[in-house]
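What follows is one structure encoded as structure tokens, with my remarks underneath.
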Amino acid sequence: MITIYHNPRCRKSREGLQLVEASGEAHEVRLYLKDPLSKKELKTIVKALGIPAEALVRKNEAVWKSDFKGKELSEDDVLSAMQENPTLIERPIVSDGKRAVIGRPGEMISEFLSEN
């Protein structure tokens, strides 16, 4: 089953959801701002993406700039920051549980789905 971590207020996330829906793949939509991810879930996503946690952070968010920018943060610190402030999480993310992709640009989701 495909999961899309989705923010309906984000144009790129809405485009990503349309791609997932058009694929016909069985999927679930996780509204991560309303149903926040646990640190364990974030760790799993980061591992599936094959990136450090900080690469999943939206660094232009005000909370990042005010509370975290310029500080030396461990991987665990970054995961905690995203757990406590889900707006920091890049979007959309599409995952099959083992692999994941950040859907920017949307073609990344199309490629991911074609490999599934």
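The values are calculated or read from the model by the stated rules, or taken from the named source; none is laboratory data. Just so you know, these numbers come straight off a predicted model, no measurement behind them. Counting neighbours? That spans all protein chains shown, and the Cβs are built from the backbone with ideal geometry, glycine included.
Descriptive notes on the structure:
- A48 vs. criteria surrounded by fewer than 16 Cβ atoms within 10 Å (Cβ to Cβ) and of a type outside the set (S, T, Y): no
- If the condition is being outside any helix (DSSP H, G or I) and closer than 15 Å to R91 by Cα, then the range 29-48 contributes V29, R30, L31, Y32, L33, K34, D35, P36, L37.
- Lone qualifier among V46, V78, V29, V57 - being more than 28 Å from E115 (Cα to Cα) and either in contact (Cβ under 8 Å) with a residue 12 or more places away in the chain or in contact with a helix residue (DSSP H, G or I) (Cβ under 9 Å, 6 or more places away or on another chain) (or both): V78
- Per this entry, K34 is counted among residues that are loosely packed, with under 11 Cβ neighbours inside 10 Å, at pLDDT 95 or above and charged (D, E, K, R).
- Members of the range 81-116 that are in contact with a helix residue (DSSP H, G or I) (Cβ under 8 Å, 6 or more places away or on another chain), free of Cβ contacts under 8 Å to residues at least 40 places away in the same chain and under 15 Å from H27 (Cβ atoms): none
- Put simply, of E21, E75 the only residue that is of a type outside the set (A, V, I, L, M, F, W, C), farther than 22 Å from I109 by Cβ and surrounded by fewer than 16 Cβ atoms within 10 Å (Cβ to Cβ) is E75.
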